[in-house]
1. Among the residues that make up the range 96-105, is at least one of them touching a residue at least 60 places away in the same chain (Cβ under 8 Å), among the charged types (D, E, K, R) and assigned to a helix (DSSP H, G or I)?
2. Grab the helices (runs of 4 or more DSSP H) fully contained in the range 167-226, keeping just those with 2 or more residues being under 18 Å from the mean Cα position of the chain (by Cα).
3. So which of 220, 228, 204 ends up being out of contact with any strand residue (DSSP E or B) (no Cβ under 6 Å at 6 or more places or on another chain), buried (at least 20 other Cβ atoms within 10 Å of the Cβ), among the hydrophobic types (A, V, I, L, M, F, W, C) and in contact (Cβ under 8 Å) with a residue 12 or more places away in the chain?
4. Where residues in the range 1-50 are hydroxyl-bearing (Ser, Thr, Tyr) and under 30 Å from residue 141 (Cβ atoms), which of them is surrounded by the fewest Cβ atoms within 10 Å (Cβ to Cβ)?
5. In the range 98-108, is there at least one residue being surrounded by 15 or more Cβ atoms within 10 Å (Cβ to Cβ), modelled with pLDDT of 95 or more and either among the aliphatic types (A, V, I, L, M) or within 26 Å of the chain's Cα centre (by Cα) (or both)?
6. For the range 235-247, state whether one or more residues are touching a strand residue (DSSP E or B) at 6+ places or on another chain (Cβ under 7 Å) and of a type in the set (Phe, Trp, Tyr).
7. For the range 173-197, enumerate the residues that are surrounded by 21 or more Cβ atoms within 10 Å (Cβ to Cβ) and under 20 Å from residue 234 (Cα atoms).
8. Those residues that are touching an Asp or Glu at 6+ places or on another chain (Cβ under 7 Å) and touching a residue at least 12 places away in the same chain (Cβ under 8 Å), I need them from the range 51-72; list them, please.
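The values are calculated or read from the model by the stated rules, or taken from the named source; none is laboratory data. The model shown is predicted, which means the values in this text are computed figures rather than measured ones. Cβ: placed from backbone, ideal geometry, glycine included. Neighbour counts: every protein chain shown.
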Amino acid sequence: MGKGVVSDNHPYCVAAARSRALQYADVIVLLGARLNWILHFGLPPRFQPDVKVIQVDIFAEELGNNVKPAAALLGDVKAVTDQLLHEFNKKLWRYPSDTDWWKDLRVKMQSNVAISKALSLEKQLPMNYYTVFHYVREILPKDCILISEGANTMDIGRTMLPNYLPRHRLDAGTFGTMGVGLGFAIAAAIVAKTYNPAQRVICIEGDSAFGFSGMEVETICRQNLPIIIIIINNNGIYTGLDSNTWKDMLKLGEPSTYAPPVALLPDARYEQIMSAFGGKGYFVQTPEELQAALKISLAEKLVPSLLNVMINPQSDRKKQDFQWLTRSNM
């Protein structure tokens with residue numbers, strides 16, 4: 001949720017090569033972040049064994065968790081960074097842009113961007129995750145508040161949807177808590193309605209994530225909050241089944257016996273939930289339908305919208321450099 005503190009289009013932002021940057025860095029300044037499972041506890045092979053960590057945190061009990069810092073600075077991140085900048089300004093210095101380290105990061109960034117771009121421009125239907133995010137990104141307002149919740153939806157969206165301003169992104173956070181997305185969107189929309197009525201709140205949900213708190217659509221309509229909900233619907237959790245495969249499976253017997261535990265009912269019409277409460281619902285199957293529905297929703301200032309975007313149930317993310325969870329050797 002710290003995305004946007006450094007804008008994703010800043011020349012020094014290397015988010016597209018973050019794994020390479022973290023793996024081979026010799027010094028890391030850790031500003032408020034925690035070396036928990038999200039950052040692989042600061043340990044090899046994700047990090048160098050001799051990496052020097054300068055840790056800044058307002059909670060003393062977080063200093064030195066999992067990795068002993070080379071320097072531990074207890075305090076509010078803003079206050080500490082102001083003090084650091086004050087000292088840096090006494091002796092101006094800039095890391096050269098033509099070093100081998102910079103060249104390595106740029107090559108990795110270009111490679112990762114090229115892989116994502118190739119996936120996003122695939123023409124076959126149903127769409128994949130990258131295609132959906134590509135066409136959404138083209139027309140999202142730069143100052144919108146993004147809420148993201150789900151499995152692949154949240155993870156891929158974090159890389160594909162840029163943030164240009166701090167405190168403009170909310171997601172499931174450290175504990176991966178599902179069910180918070182629509183609540184976050186409602187809170188953000190109430191704040192926006194009060195202090196910045198022109199600002200849009202975009203809530204991008206996986207279909208499984210939407211299932212945890214989908215009836216908050218009634219709250220959204222009752223409060224007249226012009227939230228735009230985009231459900232990326234792959235008929236399941238991580239992966240699902242297409243309707244034909246589902247029908248074939250039913251011939252074998254009861255779904256409770258034969259359906260994969262990650263499969264949800266195919267082609268669920270979530271947009272009709274929004275329509276039932278007076279909002280606008282759109283069933284989307286193509287990039288053209290996606291952009292048309294999103295443009296209409298952005299033009300509508302008073303009524304909430306829900307875009308139910310169908311994707312390939314077997315769509316997946318590009319290969320990662322490191323697994324998120326611990327793997328057994330058994």
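1. Taking every residue of the range 96-105 in turn, at least one turns out to be touching a residue at least 60 places away in the same chain (Cβ under 8 Å), among the charged types (D, E, K, R) and assigned to a helix (DSSP H, G or I).
2. Working: elements: 181-195, 207-213, 216-222.
Answer list for the range 167-226: 181-195, 207-213.
3. Working: 228 fails: out of contact with any strand residue (DSSP E or B) (no Cβ under 6 Å at 6 or more places or on another chain); 204 fails: out of contact with any strand residue (DSSP E or B) (no Cβ under 6 Å at 6 or more places or on another chain).
From the options 220, 228, 204, the qualifying one is 220.
4. 12
5. Yes: the range 98-108 contains one or more residues that are surrounded by 15 or more Cβ atoms within 10 Å (Cβ to Cβ), modelled with pLDDT of 95 or more and either among the aliphatic types (A, V, I, L, M) or within 26 Å of the chain's Cα centre (by Cα) (or both).
6. Restricting attention to the range 235-247, the residues satisfying the condition of being touching a strand residue (DSSP E or B) at 6+ places or on another chain (Cβ under 7 Å) are 235-236, 240-241.
Narrowing the set further to residues that are of a type in the set (Phe, Trp, Tyr) leaves none.
Checked the range 235-247: no residue is touching a strand residue (DSSP E or B) at 6+ places or on another chain (Cβ under 7 Å) and of a type in the set (Phe, Trp, Tyr).
7. Residues satisfying the conditions are 181, 182.
8. Quick first cut of the range 51-72, residues touching an Asp or Glu at 6+ places or on another chain (Cβ under 7 Å) only: 51-52, 58, 63.
The answer is 51, 52, 58.
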